[in-house]
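The values are calculated or read from the model by the stated rules, or taken from the named source; none is laboratory data. Everything numeric in this text was worked out from a predicted model, so none of it was measured. FYI the Cβ positions are ideal-geometry reconstructions off the backbone, even for glycines, and counts take in every protein chain you see.
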């Protein structure tokens, strides 16, 4: 896999790839908090369209220096279809789920993605799973249950459980995206590949929004204040443009399994951000669940 194609001659080392992964985790953890805040003002499909629109614009500007005409090939068109998985399906389900649960829950559940990456890799490409990996998956599921079932007995707990379930589904879609993108990331500059993927995801989001409008699931909303639109557009850059660009840089050097390990940092940024930004308190049960998930991932970090 090429490691030279993306940076005008700057080689991506493992150290640089690791920094890119940490940066992507920081962006995703912080953006989860922003999105949860914005869902008080936008429907999930509408927010996704605004966020992806701003992200695609920035990625298009970033791609100009990479001579995009050289990569406008059928191969890029095929690679862009992974955008249906993420951001398309993953963030449609994820934002709807996030509107029903808390930013902290979403961040912690999403931390199981490295385990799901191993599972999806086995399902798609029959990568054999060792006993250690199987145990780690089971352990991660225990952590997910602790996080998801914590508030079932509280007011509106059933809606929160449904929200958590949608976030789990979104995490599975995201894992599929990582497994597939790891096989193509070295063939295209990251800004071009991310832009193509997100353009496909944008089309999917528009389709979902139109269907939701037509069946009344997402009723027409009042005009939004310009400051909220700017906030939503900025969150799209933090949620999509920067982290996906960084993540695709990392995937040019790191395997999907190793790259997934860095996603365990996302809930740390998410929980801290939810506390500082939204005032959400992390309960002992949630922290225990988070610890179990991260422990499971760390135990299985050398499994591929």
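For the range 66-83, indicate whether the set of residues that are out of contact with any strand residue (DSSP E or B) (no Cβ under 8 Å at 6 or more places or on another chain), buried (at least 24 other Cβ atoms within 10 Å of the Cβ), part of a helix (DSSP H, G or I) and at pLDDT 85 or above is non-empty.
Within the range 66-83 (the criterion being out of contact with any strand residue (DSSP E or B) (no Cβ under 8 Å at 6 or more places or on another chain), buried (at least 24 other Cβ atoms within 10 Å of the Cβ), part of a helix (DSSP H, G or I) and at pLDDT 85 or above), the answer is yes, since at least one residue qualifies.
Filtering the range 26-44 down to residues that are more than 11 Å from residue 239 (Cβ to Cβ) and crowded, with 24+ Cβ neighbours inside 10 Å, which residue is modelled with the lowest pLDDT?
Here the answer is 36.
Take the conditions in contact (Cβ under 8 Å) with a residue 24 or more places away in the chain and under 15 Å from the mean Cα position of the chain (by Cα) and apply them to residue 228. Does it pass?
No, not satisfied.
Considering the range 265-276 alone, what residues qualify as being surrounded by fewer than 23 Cβ atoms within 10 Å (Cβ to Cβ) and within 20 Å of residue 17 (Cβ to Cβ)?
Residues satisfying the conditions are 265, 268, 269.
Return the residues of the range 263-299 that are farther than 20 Å from residue 146 by Cα and either under 16 Å from the mean Cα position of the chain (by Cα) or not in a helix (DSSP H, G or I) (or both); say none if nothing qualifies.
Initially, the range 263-299 is screened for residues farther than 20 Å from residue 146 by Cα, giving 273, 276-279.
The answer is 279, and nothing else.
For residue 50, are the conditions met, namely being in contact with a helix residue (DSSP H, G or I) (Cβ under 6 Å, 6 or more places away or on another chain), closer than 24 Å to residue 228 by Cα and assigned to a helix (DSSP H, G or I)?
yes
Scan the range 164-186 and tell me whether some residue there is assigned to a helix (DSSP H, G or I), over 25 Å from residue 21 (Cβ atoms) and either modelled with pLDDT under 90 or over 16 Å from the mean Cα position of the chain (by Cα) (or both). Working first, answer last.
Step one: list which residues in the range 164-186 are assigned to a helix (DSSP H, G or I), which gives 164-181, 185-186.
From the residues that got through so far, the ones that are over 25 Å from residue 21 (Cβ atoms) too are 164-166.
Filter again for either modelled with pLDDT under 90 or over 16 Å from the mean Cα position of the chain (by Cα) (or both), leaving 164.
The answer is yes, given that some residue of the range 164-186 is assigned to a helix (DSSP H, G or I), over 25 Å from residue 21 (Cβ atoms) and either modelled with pLDDT under 90 or over 16 Å from the mean Cα position of the chain (by Cα) (or both).
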